[in-house]
Amino acid sequence: MNLTKRHEPLLVVDFGGQYTQLIARKARELNVFAKIVPWNSPELEREWDEAKAVVLSGGPRSVTEPDSPSIPEDLLASGKPVLGICYGLQLIAKLTGGRVVPGKTREYGEQTVGRVSASSLLPERFVAWMSHGDAVEEVPSGFEVTGASEACPVAAIEDPSRRLFGVQFHPEVSHTEGGKEILRRFLYDVAGFQGDWTSTNFIEETVEAIRDQVGPQGKVLCAVSGGVDSSVCAALIAQAIGDRLRCVFVDHGLLRYREAEEVCQMFRKHIPAEFIMIDASEQFLNALKGITDPEEKRKTIGAEFIRVFEAHADELQGCDFLAQGTLYPDVIESGSPTAATIKSHHNVGGLPDWMRMELVEPLRWLFKDEVRQVGLELGLPREMILRQPFPGPGLAVRILGEVTRERVEIVQQADWIFREELRKAGLEEGIWQSYAALLNVRSVGVMGDERTYEHPIVLRAVVSEDAMTARAAEIPFEVLQRVARRIVNEVRGVNRVLYDLTSKPPATIEWE
Ligand code: XMP
């Protein structure tokens, strides 16, 4: 699916900066289609050629070092509007004959920047997020200095005739006051983007592209989990080809209370495709018998999925394409050397041969927030779109020790109570994930006149941007107390409730 042909993109050249994805996301929020390409990509010149404008990102290196990341000099003479951010600004300065030197002091954090000459981008005075050591000492000829801060006399430069612009600060981070307006001016006023990247356009174009790819007869198989990505992926394909899409949902018995039912209802009601539900809970529980090691649980579950697909081959075979809910961050990461470790727990390797079909990946250009937007626009219910991420191995990684039907039920009940109380307290929206886990130690308690010797439940609720880091949600004490009281009273086999305060890192979001 080549959206580049329809939307001349903003090209974001990545020099390894921590905010590179944010640049692309901010552009998308401004309805501009943005693509990220590493500075050393063999495709860089072609991508540059196809782009309407370019942003050069920040990066951890220094342009004063030998062999620092760079781009062919003549690209800057291509006439395309270019905005350099931080490292990007320094690179523009270096390549056009200026001089960059290691700064006397590192400037980090919020600084006030003032406009010092006519500028197409900057407001008069604003607080900006800085994070740099080097500084431009000699401004290349043709450029005007347009912004300065106390510690950074060259905080912004512009050469409107060559359409080259640079800012030392980061307009893409929310700490930069008016940062989005600066990007808007670059994209709309300087580069002439029209703002045609909207979810409505995306849906129309993608539906058309799916029809092109699949043809008038082709059938698509889509394994769904009830999660946002696979649901939106299925909804888009269903919009394109209706019941030539076959969705398969495997209930491994390790879902949250009532979740399997909800997923079935949601698909039957909102997604006009063929829907096959396979109840394999018995099979998964049998396979997990006696297993206590977290990695072994994961592997067993992955292998069991494959067995289920093999066992149901008769029902499932006959499709020509396999749908996958790959998102843009996965596409970007799979080009980076760290991809293997980042994604290892998502891999369900060893698909049966008949499942190795041509892939349909309608979400591969989207960030998560865009997927949600598309889902809402396709008419999927809000509770489905806002559903928390849920691990593939399900409650198995929230039950420490052996997974048995009784222990699954204990976790489901405790988890349900926690969710219900968070919902009643209006706390759900700010929370990234919240769940109950069951530990495999026992402690002494007293209930009525009886001594108890039972297992504790741990409550975990975190706030996070992307699951890479997270911190414990600040849930009011009385809500936690109410949850604890209810769990101990209502869930048999639990006599103690704990709240996990650890952030990630050093802990992880899941307990296993
Ligand atoms: P951790 O526990 O590593 O989790 O901090 C980060 C995010 O990934 C989810 N997660 C998984 N997702 N298969 C998945 O599809 C898995 O095996 C798995 N393990 C963790 C977790 O829920 C969190 O959102």
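The values are calculated or read from the model by the stated rules, or taken from the named source; none is laboratory data. Since we're looking at a predicted model, the values are computed, not measured. Positions of Cβ are backbone-derived with ideal geometry, glycine not excepted, and every protein chain shown enters the neighbour counts. To get the accessible areas, we keep the full protein, side chains included, count just its heavy atoms, and leave off ligands, DNA and RNA. Shrake-Rupley method; radii C 1.70, N 1.55, O 1.52, S 1.80 Å.
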query = Do you know which of the residues in the stretch 419-452 that are surrounded by 14 or more Cβ atoms within 10 Å (Cβ to Cβ) and in a helix (DSSP H, G or I) is nearest to the ligand (Cβ to nearest atom)?
reply = ARG419
Residue tally, condition touching a Pro at 6+ places or on another chain (Cβ under 6 Å) and within 21 Å of GLN168 (Cβ to Cβ), over the stretch 7-33 = 3
request  = Report, ordered by the first and then the second residue, all pairs with beta carbons closer than 9 Å, sequence separation of six or more or different chains, a first member in the stretch 464-478 that is open to solvent by less than 30 Å² (accessible area, probe 1.4 Å), and a second member that is of a type in the set (S, T, N, Q) and part of a loop (DSSP other than H, G, I, E, B).
outcome  = ALA470/SER503; ALA470/THR508; ALA472/THR502; ALA472/SER503
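So for the stretch 44-54 (the condition being free of Cβ contacts under 8 Å to residues at least 60 places away in the same chain, crowded, with 21+ Cβ neighbours inside 10 Å and in a strand (DSSP E or B)), does at least one residue qualify?
Yes, the conditions are met somewhere in the stretch 44-54.
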ask   = Mind checking which residues of the stretch 73-99 are over 24 Å from ALA24 (Cα atoms) and of a type in the set (Ser, Thr, Tyr)?
value = THR96
Test: HIS252 is under 27 Å from the mean Cα position of the chain (by Cα) and either closer than 19 Å to VAL408 by Cβ or in the same structural domain as ASN440 (by TED's automatic domain parsing) (or both) = yes
remark   = If we ask which residues in the stretch 353-389 are over 15 Å from PHE33 (Cβ atoms), part of a helix (DSSP H, G or I) and away from the ligand (no atom under 16 Å from the Cβ), their number turns out to be 10
ask   = For THR292, are the conditions met, namely being more than 20 Å from LEU221 (Cβ to Cβ), open to solvent by 20 Å² or more (accessible area, probe 1.4 Å) and not aliphatic (A, V, I, L, M)?
value = yes
request  = Could you please find all residues in the stretch 447-491 being over 21 Å from the mean Cα position of the chain (by Cα) and either at positive phi or at pLDDT below 95 (or both)?
outcome  = MET447, GLY448, ASP449, GLU450
key: GLU377 being acidic (Asp, Glu), closer than 23 Å to ARG485 by Cβ, open to solvent by 40 Å² or more (accessible area, probe 1.4 Å) and in contact (Cβ under 8 Å) with a residue 40 or more places away in the chain   = no
task = Name every residue in the stretch 491-512 that is out of contact with any Asp or Glu (no Cβ under 7 Å at 6 or more places or on another chain), away from the ligand (no atom under 12 Å from the Cβ) and assigned to a strand (DSSP E or B), in order of residue number.
result = ARG496, VAL497, LEU498, TYR499
Among (1) away from the ligand (no atom under 16 Å from the Cβ); (2) loosely packed, with under 14 Cβ neighbours inside 10 Å, the one test that HIS455 misses = (2)
query = How many residues does the stretch 402-418 hold that are open to solvent by 40 Å² or more (accessible area, probe 1.4 Å) and under 17 Å from TRP511 (Cβ atoms)?
reply = 1
key: Wholly enclosed strands (runs of 3 or more DSSP E) of the stretch 72-160 bearing at least 2 residues more than 34 Å from the chain's Cα centre (by Cα)   = 99-115, 125-138, 144-149
Filter result (in contact with a Phe, Trp or Tyr (Cβ under 9 Å, 6 or more places away or on another chain) and of a type in the set (Val, Ile, Thr)) within the stretch 246-299 = VAL248, VAL250, VAL263, ILE276, ILE278
task = Taking GLU29 as the residue in question, decide whether it is over 18 Å from the mean Cα position of the chain (by Cα) and open to solvent by 10 Å² or more (accessible area, probe 1.4 Å).
result = no
query = Inside the stretch 479-497, can you point out the residues that are under 24 Å from ARG407 (Cβ atoms) and exposed (fewer than 15 other Cβ atoms within 10 Å of the Cβ)?
reply = ARG485, ASN489, GLU490, ARG492
ask   = Consider ASP212 against the criteria (1) without any contact (Cβ under 8 Å) to a residue 12 or more places away in the chain; (2) of a type in the set (D, E, K, R); (3) assigned to a strand (DSSP E or B): it satisfies all of them except one. Which criterion is unmet?
value = (3)
query = All but one of (1) at pLDDT 95 or above; (2) open to solvent by 20 Å² or more (accessible area, probe 1.4 Å); (3) more than 27 Å from the chain's Cα centre (by Cα) hold for THR300; which doesn't?
reply = (3)
ask   = How about the stretch 453-490: which of its residues are part of a strand (DSSP E or B) and in contact with a helix residue (DSSP H, G or I) (Cβ under 6 Å, 6 or more places away or on another chain)?
value = ILE457, LEU459
request  = Considering each of THR206, THR200 in turn, give the residue that is surrounded by fewer than 15 Cβ atoms within 10 Å (Cβ to Cβ) and in a helix (DSSP H, G or I).
outcome  = THR200
